[in-house]
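First comes the structure, then the notes that go with it.
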Amino acid sequence: MPKLDNIKNWTRQNLREWMVEKAKTQSKVQAYRADQVFYWLYQQRVGSFSEMLNLGKETRKMLEENFWISSLKKAEEQHSRDGSIKYRLLLEDGKSIEAVFMPHTNHNTICVSSQVGCGMGCDFCMTGTMGLIRNLTTAEIIDQVLAVYHDIPAEQKLRNLVFMGMGEPFHNYQNLMQALEILTDEHGFNFSQRRITVSTSGLLPKIRRFGNEKIKANLAISLNGVTDEVRSKLMPVNTAYNLEKLMKVCSEFPLESRRRITFEYILIRDLTDSIEDAKGLIRLLHGLKFKINLIPYNSDPANKYQAPTEKQSRKFQKYLLDHNVVAPLRISKGQDIQGACGQLVVAENQQTELIFDKNKLLATEMAT
Ligand code: SF4
């Protein structure tokens with residue numbers, strides 16, 4: 001019996017090619033069946049091949065002999081006063097990740113993880129304290145979206161997907177790009193490329209590569225400091241790719257019309273929240289098409305930094321707005337459930353062990 005492959009790791013193109021190969025030797029399956037499989041997986045969101053009614057018996061049997069269909073089990077849900085929901089999701093190997101659903105007045109956003117933990121070691125970030133445990137597979141990225149999507153009432157539209165959860169997405173480049181291909185596939189999830197944002201700490205070779213991809217998702221860069229001294233203190237990546245190099249790559253990044261690079265800037269009391277910093281931001285980003293998301297730091301007793309005062313945050317924002325810079329102040333959603341920016345972390349004693357059995361995930365939480 002051949003080892004089964006998780007079908008959600010496959011793009012439609014790969015599946016079509018596989019079917020063409022199969023047709024040469026074994027079965028009369030035709031490539032367009034891959035389009036139908038995608039429809040059932042991502043538009044109907046079925047959990048078994050037997051539910052894919054228009055495929056024909058022989059095709060269904062062949063799929064069952066070669067593939068299985070994954071899903072992620074929700075281990076925990078935390079509901080915030082602002083309507084955000086943080087999910088802890090169990091992976092096949094017993095690790096956990098987090099995804100956050102964030103409702104807005106007329107649209108919704110899902111914040112997705114790309115790795116278990118993160119190896120970038122940003123000094124202000126809870127996820128960074130975990131270190132990198134492993135990359136997520138394409139299927140695990142997709143299954144997060146499906147798991148959260150399942151809970152959104154039909155009348156509320158999902159509009160945005162942001163890769164700002166646990167992990168550095170560009171450290172998991174190939175799986176990320178495959179996931180984007182499936183999410184934006186017209187036969188699959190059919191999600192708008194313009195509504196997907198990938199946030200990086202600033203891995204320059206991957207930013208260049210991302211700019212040349214045929215999938216044109218939005219680019220966000222976690223900036224957080226306007227001098228190399230401050231940025232290197234907060235983000236070790238800056239010692240390899242300093243601000244001068246980062247700005248050069250940003251100035252060369254190919255942007256479609258009416259698109260901009262988003263720079264995320266964390267306001268930390270007495271470190272990044274002065275008017276001098278605001279002036280530095282304007283100088284640094286001069287000449288780029290950009291907007292800035294201002295994110296007041298969320299104080300945590302375990303961390304050494306402090307949240308800015310609301311007055312100072314507003315003053316900082318006003319300075320930018322007065323200089324015609326688009327700079328929304330993002331009061332992080334889900335603060336009371338540790339679901340806000342930089343707060344996603346799964347404690348070691350919440351990691352779980354799973355028993356995997358064919359198409360089913362039988363999750364057994366190990367009390368540790
Ligand atoms: S801010 Fe992002 S890149 Fe930095 S440690 Fe946290 S998850 Fe990783």
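The values are calculated or read from the model by the stated rules, or taken from the named source; none is laboratory data. Note that the structure is predicted; figures quoted are calculated from it, not measured. Please note: Cβ atoms are built from the backbone with ideal geometry, for glycine as well, and neighbour counts cover all protein chains shown. Note: areas computed on protein heavy atoms with side chains; ligands, DNA, RNA excluded. Shrake-Rupley method; radii C 1.70, N 1.55, O 1.52, S 1.80 Å.
State whether one or more residues within region 183-202 are touching a strand residue (DSSP E or B) at 6+ places or on another chain (Cβ under 8 Å), within 16 Å of the ligand (Cβ to nearest atom) and closer than 19 Å to Tyr42 by Cβ. No, that holds for no residue.
Within region 105-131, residues that are farther than 22 Å from Val145 by Cβ and more than 8 Å from the ligand (Cβ to nearest atom) reach partners that are of a type in the set (Phe, Trp, Tyr) and open to solvent by less than 30 Å² (accessible area, probe 1.4 Å) with beta carbons closer than 8 Å, at six or more positions or on different chains, in the pairs Asp123/Tyr305.
Somewhere in region 38-54, is a residue among the aliphatic types (A, V, I, L, M), assigned to a helix (DSSP H, G or I) and loosely packed, with under 13 Cβ neighbours inside 10 Å? Within region 38-54 (the criterion being among the aliphatic types (A, V, I, L, M), assigned to a helix (DSSP H, G or I) and loosely packed, with under 13 Cβ neighbours inside 10 Å), the answer is yes, since at least one residue qualifies. Condition check for Ser113 on (1) surrounded by fewer than 19 Cβ atoms within 10 Å (Cβ to Cβ); (2) within 21 Å of the chain's Cα centre (by Cα); (3) closer than 25 Å to Glu140 by Cβ: one failure, at (1).
It is to be established whether one or more residues within region 246-269 are farther than 30 Å from Gln312 by Cβ and within 16 Å of the ligand (Cβ to nearest atom). The answer is no; no qualifying residue exists.
Of all the criteria given as (1) at pLDDT 95 or above; (2) more than 13 Å from the ligand (Cβ to nearest atom), the one not satisfied by Ile152 is (1). Scanning region 136-154 for residues that are in contact with a Ser or Thr (Cβ under 7 Å, 6 or more places away or on another chain) and outside any helix (DSSP H, G or I) turns up at least one hit.
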